[in-house]
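These notes concern the structure reproduced below.
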Amino acid sequence: MDHIRDYISDFFGFMKKATTSVQTVDAIRERLEAAGFMELEMSEPWTLNASGKYYLTPYPSMLVGFTVGSGQILAKSVKMIAAHTDSPGFRIKPDPEVNSEGMLTLNVERYGGPILNTWFDRPLSIAGRIAVRSDEVLRPKVIHLDLQRPLLIIPNLAIHMNREVNKGVEIKVQKEMQPLLTQLLEDEIKGNHLLELVAKEAGVSREDILDMDLNVYCYEEGMLVGSKEEFISCPRIDDLSMVYAAMEALVGSEHKDGINMVAFMDNEEVGSMTRQGADSVMLSNVLERILMGTTGREQQATLQAMNFFVISADCAHGLHPNYSEKSDITNKPVMNKGIAIKISCNRSYASEVDTIAAFQQLCDKAGAKYQKFVNHSDQSGGTTLGPLLTKYMPVHVVDVGVPMLAMHSARELTGKQDFLDSIEIFRTFYQLEE
């Protein structure tokens, strides 16, 4: 049981660092470099060797990692797991400070689809990146920073002033979701308190800060809950549980032939239509570079000629015990009873009959359970990376994910056993030999 405890503890440690998409990529980079992975640059030629371990970050919130088999260097097959680095939340607007009788709040905008009421009365912090003045006009210095302490809170309005709150009241982001930063002293004036805080943290002059891309995140740590500690409660389970599982599987597996990959993309929560998102040519460009580096120009392989299988790993909706009617009447995954294969005839998931069957066989080989998820016929569901990957690459894709509750809440819930099984399934996937 110690290895289970170690995985859970390590996951919670990873989540303390993976607070925004940028910080998540930084945390993954740290883990891969500790495991001997070498960084590549898109602007430089690549020489890829047998048993090589590599990663690249085309953009600050996107990372691709891969290993080359120890046998033939020829890339006969590619096995990829794709997941996303972003989570719903709030971004701090420019010039954000709002002073109300000395109570200083910050003006924020909603990112994605957070469940707003779950963000009230929780300790919150700030992370992201800032751009600082440099000698090169078109290349400002960019600094990543995470303030890593409880700086903000969004207080609820007392029930005495909001008698209808428990009957369901619409929440306005512009008015009600402004987090409280500080209380000004009588001799303090409005303006630049956040800027001062950030400048001090980054070790730069506030006059040199040109712009800030900062996000608010839930500062609470992950924990096991349930009478048997069978559930994981943590911020950002969607989709960082799958990011962690894929990362651990890649680092912990060996293979003889082909290429094993992870592709961690950003902006899934807002449609993926960015240069670092799945609805972009960047990933296919990276794959072409990898094939060029492993086969040589004289025997150049193409994506069409590859045996290419992708697991699109994004969390699935589990059966909620208080809202069982929201699930499909025959396909309703339950936490801790197996990873969910996600299926949609409307193509919001990319799973096909052959890829579904292949994943079932993979689970059998890994000794892990699986379930199938289909949306309730009267409920529209979300979409994933899978359909977008097939838009740019001729690949076989299956959409899967651990069943969870409270998706898009400030704290989410998933099954411990499903999480551990996902790591084993992904490791088995990477160790398959042709």
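Here are some notes:
- Exactly one residue among Lys76, Lys53 is without any contact (Cβ under 8 Å) to a residue 40 or more places away in the chain, of a type in the set (D, E, K, R), under 24 Å from Phe308 (Cβ atoms) and open to solvent by 10 Å² or more (accessible area, probe 1.4 Å), and that residue is Lys53.
- Screening Gly271 on (1) of a type outside the set (A, V, I, L, M, F, W, C); (2) modelled with pLDDT under 95; (3) touching a Gly at 6+ places or on another chain (Cβ under 6 Å) shows it passes everything except condition (3).
- If you go through region 22-44 and pick out every residue that is part of a helix (DSSP H, G or I) and either among the aromatic types (Phe, Trp, Tyr) or open to solvent by less than 20 Å² (accessible area, probe 1.4 Å) (or both), you end up with 7.
- Candidates in region 182-223 are the residues that are farther than 24 Å from Arg122 by Cα and of a type in the set (Val, Ile, Thr); of these, the one that is surrounded by the most Cβ atoms within 10 Å (Cβ to Cβ) is Ile209.
- Those helices (runs of 4 or more DSSP H) lying entirely in region 340-434 with at least 2 residues closer than 13 Å to Ala313 by Cα and out of contact with any helix residue (DSSP H, G or I) (no Cβ under 9 Å at 6 or more places or on another chain): 386-392
- Among the residues of region 77-134, those that are out of contact with any helix residue (DSSP H, G or I) (no Cβ under 9 Å at 6 or more places or on another chain), among the aliphatic types (A, V, I, L, M) and within 12 Å of Gln178 (Cβ to Cβ) comprise Val98, Met103, Leu124.
- Considering region 133-156, the residues that are out of contact with any Pro (no Cβ under 9 Å at 6 or more places or on another chain), open to solvent by less than 50 Å² (accessible area, probe 1.4 Å) and not in a loop (DSSP other than H, G, I, E, B) include one that is nearest to Val204 (Cα to Cα), namely Ile143.
- Cβ separations smaller than 6 Å between residues 6+ apart or across chains give the following pairs from region 103-130 residues that are more than 23 Å from Ile209 (Cα to Cα) and touching a residue at least 24 places away in the same chain (Cβ under 8 Å) to residues that are among the aliphatic types (A, V, I, L, M) and open to solvent by 50 Å² or more (accessible area, probe 1.4 Å): Gly112/Val270.
- Number of the exception - Asp378 against (1) open to solvent by 10 Å² or more (accessible area, probe 1.4 Å); (2) at pLDDT 95 or above: (2)
- The residue of region 117-132 that is farthest from the chain's Cα centre (by Cα), among those that are under 15 Å from Pro94 (Cβ atoms) and open to solvent by less than 10 Å² (accessible area, probe 1.4 Å), is Ile130.
- Residue within region 80-89 that is modelled with pLDDT under 95 and open to solvent by less than 10 Å² (accessible area, probe 1.4 Å) present: no
- Residues being of a type in the set (A, V, I, L, M), closer than 16 Å to Ile339 by Cα and open to solvent by 10 Å² or more (accessible area, probe 1.4 Å) - total across region 408-434: 2
- Of all residues in region 347-375, those that are small (Gly, Ala, Ser) and open to solvent by less than 30 Å² (accessible area, probe 1.4 Å) total 5.
- Residues in region 266-283 that are part of a helix (DSSP H, G or I) and either of a type in the set (A, V, I, L, M) or surrounded by fewer than 16 Cβ atoms within 10 Å (Cβ to Cβ) (or both): 3 in all.
- Of all residues in region 189-208, none satisfies being over 17 Å from Gly128 (Cβ atoms), in a strand (DSSP E or B) and of a type outside the set (Asp, Glu).
The values are calculated or read from the model by the stated rules, or taken from the named source; none is laboratory data. Treat the numbers as computed from the prediction; the structure is a model and nothing was measured. Here Cβ is always computed from backbone atoms with ideal geometry, including for glycine, and neighbour counts include all displayed protein chains. Surface accessibility is based on the protein's heavy atoms, side chains included, excluding ligands, DNA and RNA. Shrake-Rupley method; radii C 1.70, N 1.55, O 1.52, S 1.80 Å.
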